[in-house]
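Down below is the structure, laid out as structure tokens.
The values are calculated or read from the model by the stated rules, or taken from the named source; none is laboratory data. Computed from a predicted model, the values in this text were never measured in an experiment. Note that each Cβ is placed from the backbone with ideal geometry, even for glycine, and that neighbours are counted across all protein chains shown.
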Amino acid sequence: MALPTRLNLSRKTVASSGPLKIKSVAFPECSGEYQDFTPCTDPKRWKKFGVHRLTFLERHCPPLFERKECLIPPPDGYKLPMSWPKSRDECWYRNVPYDWINKQKSNQNWLRKEGKSSGSRVGVASWGGSSSICSGTWHSGNSRHHFNSATSFPLELVRYGSLLEMSHPMDGIRWYLPSRNTPYTSSWRFLGSVRSTCELRKPMERLEHDRGRAEVRLRKLQDLLTSMCFTLYNKKDDIAVWQKSKDNSCYSKLAIPDAYPPKCDDGTEPDAAWYTPLRPCVVVPNEKFKALELNSIPNWPERLHVAPERIGDIHGGSAGAFKHDDAKWNQRVKHYKKLLPAFGTDKIRNVMDMNTVYGGFAAAVIDDPLWVMNVVSSYADNTLAVVYDRGLIGTYHDWCEAFSTYPRTYDLLHLDGLFTAESHRCGMKYVLLEMDRILRPNGYAIIRESSYFVDAVATIAKGMRWECRKEETEYGVEKENILICQKKLWYSSYQTSR
């Protein structure tokens, strides 16, 4: 697949001949077999792709002529999720009715059924869930495999978030790593792998048979991490904590011929991640960014409102632009809460900002009982590093394609001029159908758009069984409006029981 060229998606001037008009259409229901449909990681399409390095598990989006133009139904008997924090440990069984997960993974005690609800033990993003009581941002990732809903279960269960300072630990994105970079920037402060730990733990539990094999595996892992300039911070039994070195003398050794892994060449963009092939090399930290070291960045929550050092690498980015963006979103969010009183209460937990710049929307709601997945367009200026440097979480995405998550993930979707910026590339109908797929029944959408597009958006939304009303912005300008929409709860006509 050809790699996309980044474009500067500053707001285009739309035609002044009046608002866009489109014909109304009522979208049909998809059949019940599509209740967990993930278009770009669809197991039904795996056989079309190669098995080398398990690349069939990566994103493979359907071509335009194969896209579904129907509404994804909820499971039969679906109920609105429990409120946080009860939802961290329990969910309605009918929302994720998969007894076979517990049967096939019974040795891991993933879940147990009690009456009409299911409870979580371990395995289903429990590391992030348990860590949510700490002050930190936690992301749980998992590949889509034959355990069909290994991530849809925790997404339903947790409606993730922390109880203390940072209120958005996990997002449950679907990704797999055989040959491509993950869709994130190089900004993580802490990484962990339960699977890698299990691979070492399993033989250690059978010491009489496999002690030698486990020691060989551990030694190879230590040698590799040491060669990548990591140092062993602490170790207990089969759990080890490694720290990335800030010593440039270590990285200079990677330039020696035959070093493995080698230093990446200067042409490697460390934050390139959208359909970017993995390369077996180490990206050396940029010496000009002294404030990126963990001990140099401001503590939380001060860092949320301090212009990150890397903002200077963005076109038009500066400390002044950052401060203006921060103030603008504080004002906008106050207005949103007047228009949608449920916003900022425990009725809304999982939130996505579909086309953020600096993460200003997420920063403005940081004290609310919710978390925000910030999405930076893969075709826009690369601002995701700024989002992470603020202590927020986010990912790259191209809204011409489906997002890598299960249906009914988010309680609220927010977009700001997405159609103004992307309509020349992405069909409005398909973007809105994808929004319907990932939005929970009775969930909300705050759509901030130019007056040219807003009526057309409302027309398509009505065909998706949404209820929308048009409101003025906080500034009361004519060129821009806000749609407050709600996706209604409905049940498939193909299903009979309730």
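Values computed for the structure shown
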| item | result |
| --- | --- |
| Condition met for residue 392 (surrounded by fewer than 22 Cβ atoms within 10 Å (Cβ to Cβ) and part of a loop (DSSP other than H, G, I, E, B)) | no |
| Selection within region 474-491 - out of contact with any Pro (no Cβ under 9 Å at 6 or more places or on another chain) and either more than 30 Å from residue 95 (Cβ to Cβ) or aliphatic (A, V, I, L, M) (or both) | 474, 475, 476, 477, 478, 479, 480, 481, 482, 483, 484 |
| Selection from region 269-324 of residues that are outside any loop (DSSP other than H, G, I, E, B) and at positive phi | none |
| Residue in region 296-309 that is surrounded by 14 or more Cβ atoms within 10 Å (Cβ to Cβ), among the small types (Gly, Ala, Ser) and in contact (Cβ under 8 Å) with a residue 60 or more places away in the chain present | no |
| Matching residues, region 40-75, being within 26 Å of residue 460 (Cα to Cα), modelled with pLDDT under 90 and in a loop (DSSP other than H, G, I, E, B) | 42 |
| Any hit, region 247-267, residues being assigned to a loop (DSSP other than H, G, I, E, B) and in contact (Cβ under 8 Å) with a residue 60 or more places away in the chain | no |
| Extreme residue, nearest to residue 338 (Cα to Cα), among residues of region 454-468 that are in a helix (DSSP H, G or I) and in contact (Cβ under 8 Å) with a residue 40 or more places away in the chain | 454 |
| Residue satisfying all of: in region 283-333; at pLDDT below 95 and touching a Gly at 6+ places or on another chain (Cβ under 6 Å); farthest from residue 358 (Cα to Cα) among these | 300 |
| Residue match in region 278-288 (condition: among the aliphatic types (A, V, I, L, M), surrounded by 14 or more Cβ atoms within 10 Å (Cβ to Cβ) and in contact with a helix residue (DSSP H, G or I) (Cβ under 6 Å, 6 or more places away or on another chain)) | yes |
| Residue tally, condition of a type in the set (Ser, Thr, Tyr), modelled with pLDDT of 95 or more and over 20 Å from the mean Cα position of the chain (by Cα), over region 421-450 | 1 |
| Scan of region 469-489 for residues that are at pLDDT 95 or above and not in a strand (DSSP E or B), ordered by number | 473, 474, 488, 489 |
| Residue 430, sole failed condition from (1) surrounded by fewer than 21 Cβ atoms within 10 Å (Cβ to Cβ); (2) assigned to a loop (DSSP other than H, G, I, E, B) | (2) |
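To keep it simple, each residue is scored yes or no on (1) surrounded by 14 or more Cβ atoms within 10 Å (Cβ to Cβ); (2) of a type in the set (Ser, Thr, Tyr); (3) touching a Leu at 6+ places or on another chain (Cβ under 9 Å).
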| residue | (1), (2), (3) |
| --- | --- |
| 312 | no, no, no |
| 329 | yes, no, no |
| 333 | yes, no, no |
| 336 | yes, yes, no |
| 339 | yes, no, no |
| 344 | yes, no, yes |
| 355 | yes, no, yes |
